[in-house]
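See structure below.
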Amino acid sequence: INKAATAHTASLLYQTAWSARAELGLTGNDAFSIKVSPDGVTFREAIVINPATGKPAFPYGAQGLREQLSADRTYHVAPAGSDGNDGLSTGAPFATLQKAIDTALALDCARHDVTIQLAVGTHAGASIARPLVGGGRLTIRGNETTPASVVLSGGLTFSNSVHAKVSGLRIAITTDLIHALSVGNGVTLRIGKMEFGAVGANADHIFCDNPCKILLEDNYTITGGARRHMNIGGGGSLSGAGRTFTLTGTPAFTQFAATSHCGTIALSSAAVVGSATGSRYIADTNGVINTFGKAATFLPGSTAGTNPSGGIYA
């Protein structure tokens, strides 16, 4: 089978009742492809083989194989969506954040990043239990101009060396004992512009009790109370340079910031706008809160902080 020019076609066509169902060959280029159709009108390329490299591609994915990304990927989630959608556009969003996360974890990211874009409205929380295959960062993003318009009614849990970022979200949880952001062993979490609303009296806004790294990458707002806004233990670290924390409505905390068991909080050139009630901090069992020379009254609260059992405030 010969064709006169690259843009021509040299192929075999398979039909049912004279209606095409499959085509294989060189169709409009020199890449060998296999196309299939359910109706003889719409064709999908199932396999395309690059003539220069001999490598096959599966444009629509393959059962039993991970889809490998060749560029960054965005999934969309909206309260009115469906988890039966593919999530690849605003017109076909997933309904739940967890479905988008599970779909991302099924990819071979080949070092590309995945963003989950949440539409305006209220969404349930989710768990990210492992990192993206093939590297890359997972970003969960709402509205970075108006975080209050994209609400999480449950917490986000990160574990097992996940590399992630959250930004443009308001987290407010009515059920107690659920942290807004719970960060586990080996995780690197970047926090962008956020609004932390109220959580339960026995829950924290930012919680870590294992070695991990939390990086504050933008200013954010605190509009509701918690047991602790920052609670870093077990060798974890939280750091942010030049960040402003804006508190509205005088939220209540048992302690605004807490460290223990060699956990560290490092806030250089930080600023606090507004006030809170409760103790300013507790640095316990060799925990360190480093404000780089700020007074002991720097962190928000209505009572003094404490540093028992080898804790350090500096």
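Screening the range 9-102 for strands (runs of 3 or more DSSP E) wholly inside it with 1 or more residues that are basic (Lys, Arg) and in contact with a Gly (Cβ under 8 Å, 6 or more places away or on another chain) returns the ranges 19-27. Looking at ASN202, ASN231, just one residue is out of contact with any helix residue (DSSP H, G or I) (no Cβ under 8 Å at 6 or more places or on another chain) and open to solvent by 30 Å² or more (accessible area, probe 1.4 Å), and that residue is ASN202. Here is a check on your reading of the model: is SER260 of a type in the set (Ser, Thr, Tyr) and within 28 Å of the chain's Cα centre (by Cα)? Considered against the rule, which asks whether it is of a type in the set (Ser, Thr, Tyr) and within 28 Å of the chain's Cα centre (by Cα), SER260 comes out as yes. Scan the range 236-260 for residues that are crowded, with 16+ Cβ neighbours inside 10 Å and not in a strand (DSSP E or B) and the total you get is 4.
Taking the residues in the range 269-281 that are in a strand (DSSP E or B) and open to solvent by less than 30 Å² (accessible area, probe 1.4 Å) as candidates, determine which candidate is nearest to SER237 (Cα to Cα). Step by step, filter the range 269-281, then rank; the result is TYR281. In the range 32-74, of all residues being aromatic (Phe, Trp, Tyr) and under 19 Å from ALA110 (Cβ atoms), the one that is surrounded by the most Cβ atoms within 10 Å (Cβ to Cβ) corresponds to PHE58. A Cβ distance below 9 Å, combined with a sequence gap of six or more or placement on separate chains, defines the contacts here; from the range 293-309, residues that are of a type in the set (Val, Ile, Thr) reach no residue that is at pLDDT below 95. Would it be correct to say that ALA4 is more than 21 Å from ALA62 (Cα to Cα), of a type outside the set (Ser, Thr, Tyr) and exposed (fewer than 10 other Cβ atoms within 10 Å of the Cβ)? Yes, satisfied.
Residue-wise test of (1) open to solvent by less than 10 Å² (accessible area, probe 1.4 Å); (2) under 24 Å from ARG243 (Cβ atoms); (3) part of a strand (DSSP E or B).
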site	(1), (2), (3)
HIS112	no, no, no
SER127	no, no, yes
GLU144	no, yes, no
LYS165	no, yes, yes
ARG170	no, yes, yes
THR175	no, no, no
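Just so you know, in the range 294-314 the residues that are part of a loop (DSSP other than H, G, I, E, B) and either open to solvent by 70 Å² or more (accessible area, probe 1.4 Å) or among the polar types (S, T, N, Q) (or both) include one that is nearest to SER239 (Cα to Cα), and it is LYS294.
The values are calculated or read from the model by the stated rules, or taken from the named source; none is laboratory data. The model shown is predicted, which means the values in this text are computed figures rather than measured ones. Cβ coordinates were reconstructed from backbone atoms using ideal geometry, including for glycine residues, and neighbour counts include every protein chain displayed. Surface accessibility is based on the protein's heavy atoms, side chains included, excluding ligands, DNA and RNA. Shrake-Rupley method; radii C 1.70, N 1.55, O 1.52, S 1.80 Å.
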